[in-house]
Amino acid sequence: GMGEVYEARHVVVGRRFAVKFLHAGVARGNDSSARFLREARAAGALDNEHIAAVVDFDNADDGAPFLVMEYLNGESLAATLRRETTLPVPRVIGILLQVCDGLAAAHDAGIVHRDLKPDNLFLVERPDASELVKILDFGVAKLIDAEPNATETQSGAVLGTPLYMAPEQARGEKSVDFRVDIHALGVIAYELLSGQRPHPGDGYNAILAHILTRPPRPLRELCPDLPDGLLHTIERALAFEPSARHESAGALARELLPLAGREVTSRAAQFDLRRPNNGKAGVVTVDSPPETQAPAEGTLQSAVGDARSISVITLKGGKRLASLAVLIGAVAAFWLLARNRQPSATVVTDAAPRAAASSASLVAASPPA
């Protein structure tokens, strides 16, 4: 009810943008205008792929201010949640990790979002079909280095959406910091996994009262099959006292990362070329993504045939070096034979084409102890 967002196209370069207008009547209120300008300054100062970019700010002929933002093709996390009710654990962790990355950039720049919720998280599909999360709407963001006498940041002003507020935010405390965003992300995780919110209520005041007087229902009761590590991480993010929560968005991400499976990464990211970290000749493995694709007609599978990975090869001692030489010779002979039979054939794997410049992407790790 405060404004409208239009799709726009640049008249010279043809690129699409989203233009967000604040209604002229609303703009005449100092508070609304100040928040709109804050959104421009907060989001415009951040350069992170998980934050919707604001590239310009101006006023229309009728005095209505507007933001020019990158155009996003997708839907909000709230829309996804309404349709699907709950999301699988790997996808939830993938979303949380991306939001943590965006929050870390904002917090490092001295910006606290203060209104993190599914409506302000936008899901975009990348060209490789993986999911990209964008944080929207810094309209009630707190700029830590800004002037302290702005009316919207005074003690007693409750800013944000009650369902996702931290206790100190619900009390209207002025000195809130980045840990209110950590708490909000814990609420979002709780909702994505269980389909319920930790602090229910029939109205604004009832929700605030629940936040301030009652703990959330344990997520374990709603989702008993969740990993203990994930339950602990979400409970910590939801802690009543800010000091009991994660010390940063990066710390929250570090707890989540070991729980993330391959499902949360793109196909291209699953193929990575790394050097052995011990300086010795290491283990060479080829690990294909879970999806399989039949090779094009006239091509060959790799020299390992239908095997999903090359066995571990360690280079220790003369015997193993000799074994390696035999293996290399066998592979070379196989390749020459195949080449003579099918001159135009190429060696392919089912890896994503952007994974590496070579025909098969290799992951090098250290040999087992």
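The values are calculated or read from the model by the stated rules, or taken from the named source; none is laboratory data. From a predicted model like this one, the values you see are computed outputs, not experimental measurements. A quick note on method: Cβ atoms are made from the backbone with ideal geometry, for glycine too, and the neighbour counts reach across all protein chains shown. Areas reflect the complete protein model, heavy atoms only, side chains present, ligands, DNA and RNA absent. Shrake-Rupley method; radii C 1.70, N 1.55, O 1.52, S 1.80 Å.
Listing for the model above:
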{"read-out": "Distance from region 1-55 to region 200-246 (C-alpha centre basis), Å", "value": "33 Å"}
{"read-out": "Accessible solvent surface per residue of region 4-58, calculated while the other protein chains remain in place, 1.4 angstrom probe, Å²", "value": "61 Å²"}
{"read-out": "FRET efficiency estimate (nearest 0.05) - Cβ-Cβ, ARG16 to THR85, R0 41 angstrom", "value": "0.80"}
{"read-out": "Net +/- balance of residues flanking LEU67 in space, Cβ distance below 10 Å, scoring K and R +1, D and E -1", "value": "-2"}
{"read-out": "Distance between modelled label sites at GLU49 and ALA24, nm, 7 Å Cα→Cβ extension", "value": "4.2 nm"}
{"read-out": "For region 195-200, Karplus couplings with θ = phi - 60° (6.51, -1.76, 1.60), whole Hz, Gly/Pro x", "value": "x, 10, 10, x, 10, x"}
{"read-out": "Whole-number D in µm² s⁻¹ for region 1-140, Kirkwood Cα-pair radius fed into Stokes-Einstein, 4 °C, 1.567 mPa s", "value": "81 µm²/s"}
{"read-out": "Cα coordinate range in region 40-104, projected on the principal axes (Å, largest first)", "value": "48, 27, 15"}
{"read-out": "Karplus-derived 3J(HN,Hα), 6.51/-1.76/1.60, for each residue of region 108-121, Hz, glycine and proline x", "value": "4, 8, x, 10, 10, 5, 6, 9, 6, 6, x, 5, 9, 10"}
